[in-house]
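First up is the structure itself, then whatever we jot down about it.
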Amino acid sequence: MAISPELPTRRTLLGAAAALPLLSIGAVLRAAEPDLSALSDLTGGAKPIDADERAARLVRAQALMKAAGIGAVLIEPGSSMLYFTGVRWSRSERLTAAILPVEGQPCIVTPFFEEPSVRETLAVPAEVRVWQEDQNPLAVVAGFLRDRRLIARPIAIEETMRFFAIDALRRLVPEARIVSANPVVRGCRMIKTPAEIALMQTATDVTLAAYRWTHARVETGMTGPEIGALMTAATRKLGGAPEFSMALVGEASAYPHGSREIHRVANGQVVLMDCGCTVQGYQSDVSRTWVHGSATADQRKTWDQAIRGQQIAFAAARIGATAGSVDDAVRQHYQALGYGPGYKLPGLSHRTGHGIGMDGHEPVNLVRGEATKLAAGMCFSDEPGIYIPGRYGIRIEDCFHMTEAGPSWFSVPPTSLDRPLG
């Protein structure tokens, strides 16, 4: 979902609880503690990605490199480095990087004093080359490329790599052609294996269980951050690592990522929650919307329209269809109902869905103009919300993965506003 620079992201909204008296959040959690103690970990059977799967990823990446004529792929810390090497590291001004060559073992380049820590999570056979504080780390990268005779082929850069590293590499190997690594990295990560899908299913199961626990404890007078704190606590108790627990109340629900204003639950107010967690590195993303107390006929109508939009997107997601055509199908239906046109409000102001996996938002998106064709193993959110500024918004979000027979839900959508969790 597109994020306006003027509005906080879902993750920064978690910090909004700090704007409330600490006693408020603390009191809510203390009151819930006896109920939380009854929850149990749902992730005990989750199987981490094993050595064989990581080896297969490198084989796939090297096959894609050969097909594209690429000599090596350069990756900074983050989900792609974790995906290919197992290395869990953070980015800083001191470069750590992974180099995937078209043949042979990968190489990890890291500061000398960080090598022991980096090796702790390294999960594949790899060479490790270090650099000292008075050295240029990109010179070490360039040295590996020259030693492996890879400079004559294009060097591919993972799309999130920072400019300073790319610029330094260009200066050190001016003869090398620098290209995008998307054909390789996206070509691997967009197609999830059964092991990855199983972890995403577990993460979704945790989120759904946390929703069921939280929904029953939402009371008149609560704020969004208080509700989110309950969801976060339940998610942790159930074994998930919370990523975001956003709860939008009343008018705030009309804005996809919320408002800085504090709204309290009252009879007839819409409550829109958007929550997700991580299990063994893989994420869930589920939204649920209900009305506290009595719903109006207008709220019921809009809820039914939004769930129909979700169903239309699911039906349009077919093997070989373009990702953009899924968004087109929903937007055409909404326009026939009087919303829009296009991305105008009231209506659907954001894309219909996004890719998901190790990151909550991954390529590609279900958005107008996206020509990528759907294939088995791709995973997406399905969240064509309807937003009416100044009043309320409705969003029901569930994720699905593509199979040869079509889409399959990670979480089954609800069918009625009276049973908003299904």
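For the pair region 273-307 and region 115-194, the centres of their Cα atoms are 41 angstrom apart. Surface composition of the chain: carbon and sulfur atoms hold 53% of the protein heavy-atom accessible area at a 1.4 Å probe. For the chain, the longest principal axis of the Cα atoms and the long axis of helix 224-237 meet at an angle of about 60 degrees.
Over the chain, DSSP H runs of length four or greater, each weighted -39,500 (n - 2.57), average out per residue to a 222 nm ellipticity of -11000 deg cm²/dmol.
Full extension of the chain segment joining Ala51 with Ala67 gains 3.3 nm, where the gain is 0.36 nm per residue of separation less the Cα-Cα distance. Once the 1.4 Å probe is applied to the protein heavy atoms, the chain comes out at 42 Å² accessible per residue. For Arg177 and Gln105, the FRET efficiency from 1/(1 + (r/R0)^6), where r spans their Cβ atoms and R0 equals 25 Å, is about 0.60. Taking 7 Å steps out from each Cα toward its Cβ at Ala375 and Tyr343 produces label points 2.7 nm apart. Going through (1) 19.7, 58; (2) 23.1, 70; (3) 21.8, 80, the figure that equals Rg and Dmax of the Cα atoms in Å as computed for the structure here is (2). Under 23 Å of direct C-alpha separation, and excluding same-chain neighbours fewer than eight residues apart, Lys192 reaches these lysines: Lys47, Lys66, Lys373. Relative to the longest principal axis of the Cα atoms of the chain, the long axis of helix 137-147 makes an angle of roughly 60 degrees. Angle of helix 22-36 to the longest C-alpha principal axis of the chain, folded into 0 to 90 degrees and rounded to 10: 90°. Note on region 289-422: dipole from Cβ charges, positive end direction compared against Thr322, Val412, Tyr343; the farthest Cα belongs to Tyr343.
The values are calculated or read from the model by the stated rules, or taken from the named source; none is laboratory data. Everything numeric in this text was worked out from a predicted model, so none of it was measured. Heads up, the Cβs are rebuilt from the backbone with ideal geometry, glycines too, and the neighbour counts pull from every protein chain shown. We work out accessible area using only protein heavy atoms, side chains counted, and drop any ligands, DNA or RNA first. Shrake-Rupley method; radii C 1.70, N 1.55, O 1.52, S 1.80 Å.
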